[in-house]
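Okay, structure first, notes after.
We did not get these values from a lab; they are worked out from the coordinates using the rules stated. Computed from a predicted model, the values in this text were never measured in an experiment. Here Cβ is always computed from backbone atoms with ideal geometry, including for glycine, and neighbour counts include all displayed protein chains.
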Amino acid sequence: MTDTLPPTATAHHERPFTRDPGRWEKESSRVLRTGHVRDHTCSAACELVLVHERTRWGWLTWTVPGDGSPPEIPHQIGVLTPAATRLQRLALCWLTRRPAQRIAVDTVPGSLRLAAAAIALISLLSGLFALRHGVPLDVALPAMLLAPLLAEYLPDRLDARAREHVRMVEGDVACRYLQRLAVLQTFLAQAAAGSDRYELRRSAEVGQGLLWDAAGLLQTRDTRSASADLIARERLTLQLAHQVAQILKRTAEDSTAGANQASDPGRPLGPYPPGPRPTTDPAARHAPHPPL
């Protein structure tokens with residue numbers, strides 16, 4: 001059944017940024033210049049620099065190998081909840097932002113966000129300026145203390161709220177399986193985005209629900225125990241992709257036939273049908289009618 005799909009549909013997400021290869025070169029060069037690449041020396045404690053590829057249904061997270069070649073399996077796949085609202089789609093942008101830079105403090109265990117340190121310095125200077133201009137201490141001091149605390153702890157709270165609207169899958173085996181479904185869902189979503197037909201939009205909605213269910217199964221169970229449910233969802237997604245491919249094929253054939261008919265209109269029609277024009281005797285046409 002996959003043979004009936006367009007070649008570009010099955011090539012999605014086999015490599016990072018399939019539709020924009022220049023984006024991967026830009027991101028990998030940034031990681032090689034400023035971050036930690038993935039090689040044989042990595043351990044479980046290594047914090048890898050991740051590259052996020054956002055899609056209409058969620059995202060794929062890739063690691064950068066030491067030689068700079070594109071990886072074949074995503075490090076993580078995130079699936080957005082079906083029928084997501086605009087506010088819920090902001091969770092996708094929030095969770096795929098670049099990680100915050102942290103600085104180590106000798107006197108305090110752990111690390112501190114660079115943004116929190118910068119806000120603490122700005123709030124201190126702003127508080128001193130406000131105190132010099134007559135602002136009460138009981139007003140300036142809470143603001144000076146609250147701003148850096150919010151910068152340090154508020155992003156973690158927002159991360160927890162945003163994860164309520166996505167399902168994230170990690171691991172080579174689980175990501176490899178979900179990657180196949182993601183290829184089909186990308187094809188369905190792109191077909192629905194370029195058309196206003198109900199069949200295409202409904203297929204993309206159903207495919208999003210199947211991808212969401214598959215991500216939930218891979219979160220709680222392994223591929224062996226959930227193989228029957230996963231195969232059923234993959235089969236349904238393949239049927240949807242096959243139907244969408246047939247609809248797109250018929251639409252393209254109809255548009256081609258209409259364009260050919262418009263470019264070759266044929267023989268122009270006149271006031272008479274094709275064939276010899278009827279002739280009438282002039283004498284009979286001008287003869288007077290007999291009196292009654």
Can you compute the FRET efficiency between Asp172 and Leu137 using 1/(1 + (r/R0)^6), with r the Cβ-Cβ distance and R0 = 45 Å? Round to the nearest 0.05.
0.20
For the range 188-260, the dipole about the Cα centre with charges only on Cβ (Lys and Arg +1, Asp and Glu -1), to the nearest 20 debye, works out at 100 debye
Report the gain in length on full extension from Leu87 to Ser255: 0.36 nm times residue separation, minus Cα-Cα distance, nm rounded to one decimal.
56.7 nm
How much length is gained on full extension from Arg54 to Ile73, taking 0.36 nm per residue of separation minus their Cα-Cα distance?
5.3 nm
Quick one: go through the range 55-70 and flag any residue whose amide nitrogen is under 19 Å from the point 7 Å out along the Cα-to-Cβ line of Arg23.
55-65, 69-70
